[in-house]
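A short write-up of the structure that comes next.
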Amino acid sequence: MMKNYLFFLLLLLVACHNSTSISEPKKTEEDTLSDNKTNISPVVKEQDCNLDSVRQKILKDNLKSNHSDTIVYDFSLEGDYSAEGNEGKAFYIDNQIKKISITFYGESGKSIYTYIFENDKIMVEEKRHEYDVPLSGNIKSTQVVSYQIDYNGKIISNSGKGIDLDTYFILKKSIPFTLK
């Protein structure tokens with residue numbers, strides 16, 4: 001009986017091993033590159049489509065609200081950008097972005113980023129507030145970093161350490177800079 005059991009286990013192992021070796025052939029470097037190229041295109045189209053839907057939502061919401069010269073778009077970035085969440089506002093005049101202000105909340109403090117858009121440059125101010133006790137809201141210290149970038153994210157000038165360009169690139173993918 002023991003011999004039959006061992007024979008059955010051996011047969012099962014051989015069968016499982018053969019079935020995995022029959023699976024897809026290994027990909028060459030060229031195959032992998034070609035797969036990556038096909039995967040890039042839908043991602044870019046999805047981002048463009050997402051910006052278009054955000055743009056349409058902003059315009060639609062503005063039709064319902066008061067007809068002032070400034071359009072305000074309240075937003076929150078999805079993802080793990082801060083432990084306690086975030087909230088932001090984008091301001092448009094003549095269908096062009098003029099200002100973005102976003103606050104990231106954390107257990108030990110909060111950061112407020114302000115972007116002022118001009119013709120060919122963006123003035124950025126990052127204020128990082130540290131709480132005296134976690135989640136207290138009582139600010140113990142503040143660090144301010146100011147700098148200028150172009151619309152591609154290239155630094156023109158800066159006045160401190162710890163510049164955060166990643167947030168700008170996330171906003172650029174999430175918030176339309178023009179409404180038409």
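Scanning region 99-124 for residues that are open to solvent by 30 Å² or more (accessible area, probe 1.4 Å) and over 19 Å from K172 (Cα atoms) yields a total of 4.
Please verify whether I139 is of a type in the set (V, I, T), over 19 Å from the mean Cα position of the chain (by Cα) and open to solvent by 30 Å² or more (accessible area, probe 1.4 Å), treating the condition exactly as stated.
Working: of a type in the set (V, I, T): yes; over 19 Å from the mean Cα position of the chain (by Cα): yes; open to solvent by 30 Å² or more (accessible area, probe 1.4 Å): yes.
Answer is yes for this residue.
Of the listed requirements (1) assigned to a strand (DSSP E or B); (2) touching a Lys or Arg at 6+ places or on another chain (Cβ under 9 Å), E125 misses just one: (2).
Among residues of region 45-98 being modelled with pLDDT of 85 or more and assigned to a loop (DSSP other than H, G, I, E, B), the one that is most open to solvent (accessible area, probe 1.4 Å) is E78.
The residues listed here are K127, K180, K161; of these, the one that is among the charged types (D, E, K, R) and surrounded by 15 or more Cβ atoms within 10 Å (Cβ to Cβ) is K127.
When P134, P176 are screened for being more than 18 Å from the chain's Cα centre (by Cα) and touching a residue at least 24 places away in the same chain (Cβ under 8 Å), only P134 passes.
The values are calculated or read from the model by the stated rules, or taken from the named source; none is laboratory data. Since the structure is predicted, the reported quantities are computational estimates derived from the model, not experimental observations. We place every Cβ from the backbone using ideal geometry, glycine too, and count neighbours over all the protein chains shown. To get the accessible areas, we keep the full protein, side chains included, count just its heavy atoms, and leave off ligands, DNA and RNA. Shrake-Rupley method; radii C 1.70, N 1.55, O 1.52, S 1.80 Å.
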